[in-house]
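Before any comments, here is the structure.
Each value in this text was obtained by applying a stated rule to the coordinates, not by laboratory testing. Keep in mind that this is a model prediction, so the values were computed, not measured. All Cβ positions, glycine included, derive from the backbone under ideal geometry; neighbour counts span all protein chains shown.
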Ligand SMILES: [Zn+2]
């Protein structure tokens, strides 16, 4: 049992309850046993007691879009738009293998944990024929770091010779991709309430996947009871591609393929007209908002305020680290607020709404709202204690504002199911230097010869 006291608590429950001087008790079952104002009082046994003076306790952040393998291909194609950036990187990605993905995932997930993330998805869609078991490699990395993990089995089957964007040697045959996706679900997916590992189905994007694979992937996911994810409406180029190839907008295309619904969340959703925003809201289709990646690639300013007003679940994502080298989920709280205000003015998104995107919004996107995303009795104890009494934050009396508007805050403690994964700004279960060296070796091996 863990007791955290003398702490400001932002529960992010439906009422936005906060306690300026509060407590949270974590039970031996890894769930939240109590939350409230004042001290926790006497507790049976000998719980670990943590003094949260100077800190803010929030739900752990949920990362709703990532490509972990990209950690070892950062810093390239710095001034390209999406299609140019992809065209530069596809040949390098065609060389990845299980060692490179394991190294990248270890570094990327370790960094995410240090940025306040307790649950992350991954969208992996590059499976070289001789690359080994890359999905197993990233699952092993997540287990070692201790994060709750929602990897999705991605795929591409529309190579350049068929009118797609990726070179033919990085795409799969349609049936082979579907069979491998089903095998991944059968092997790994754990649907239990406290699950640490859930698999999703995620063909890559309209310009790298056939209509057949998109439709069959949706049917597979629904047959297996898992969630669906893809990139959609990220850039103007994609809009043009869909209009010329399919005669409709990306969201209309998704609707034709059965890709709207409460079991779907889409990465980006930047270029949406009013009808598309209304459609996503009415169908409960989620959006993984990735403000830093959208900025890095010059993709545009997503309509987050409009999506929220329409009722769509919106979470935050860092996106792949090759299109967003910082990959720091805590910083995305501020970036999301900035992007919303650049688009809609100073009242477009509040600090508390931004925190809600990063927590409850993400939990909704991943289908975990019953267990994650807020600090409520009975929910899983995925919690982050942010230190806000140092030079960068002290003096900002409103601690939620300090977290969101201030610089990236140090993580004093991060718990996943009540188990520490970060303490005093350091990973508990892995050595950051060892993760760095392994990722450095993988990066050099991939880039040598290019
Ligand atoms: Zn992406």
Check: Counting other C-beta atoms within 10 Å, which of 238, 18 has the fewest, and how do the rest follow?
Finding: 18, 238
Next item on the list: On a C-alpha basis, how far is the centre of the range 312-327 from the centre of the range 10-25 in Å? Whole number, if you could?
Entry: 27
Next item on the list: Would you mind ranking 207, 83 by Cβ crowding within 10 Å, fewest neighbours first?
Entry: 83, 207
Notebook entry, point to check: If you line up the Cα atoms of the chain on their principal axes, what length do they span on each, largest first, in Å?
Noted result: 68, 46, 42
Margin query: I need 396, 50 ordered by Cβ neighbour count within 10 Å, fewest first.
Written below: 396, 50
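Once the convex hull of the alpha carbons of the range 208-276 is built, what does its volume come to per residue, in cubic angstrom?
Numbers: hull volume 5.7 nm³, N = 69.
In the range 208-276, the Cα hull volume divided by residue count equals 82 Å³.
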Check: How long are the three semi-axes of the equivalent ellipsoid of the range 16-144, in whole Å, if each is the root of 5 times an eigenvalue of the C-alpha gyration tensor, listed from largest down?
Finding: 41, 18, 11
Notebook entry, point to check: Over the chain, what relative contact order in percent results from Cα pairs under 8 Å that are six or more residues apart?
Noted result: 21
Next item on the list: Determine the relative contact order of the range 1-123: mean sequence separation of Cα pairs under 8 Å and six or more apart, normalised by residue count, in whole percent.
Entry: 26
Next item on the list: Note down the relative contact order for the range 143-234 as a percent, whole number, built from C-alpha pairs under 8 angstrom at least six residues apart.
Entry: 33
Notebook entry, point to check: In deg cm²/dmol and to the nearest 500, what is the mean residue ellipticity at 222 nm of the chain if only DSSP H runs of at least 4 residues count, each as -39500 (n - 2.57), divided by the residue total?
Noted result: -10500 deg cm²/dmol
Note to self: Translational diffusion coefficient of the range 1-52 at 25 °C, 0.890 mPa s, Stokes-Einstein with Kirkwood Rh over Cα pairs, in µm²/s as a whole number.
What the structure shows: 221
Item checked: Alpha carbon centroid spacing (whole Å) that separates the range 91-154 from the range 431-445 -> 14
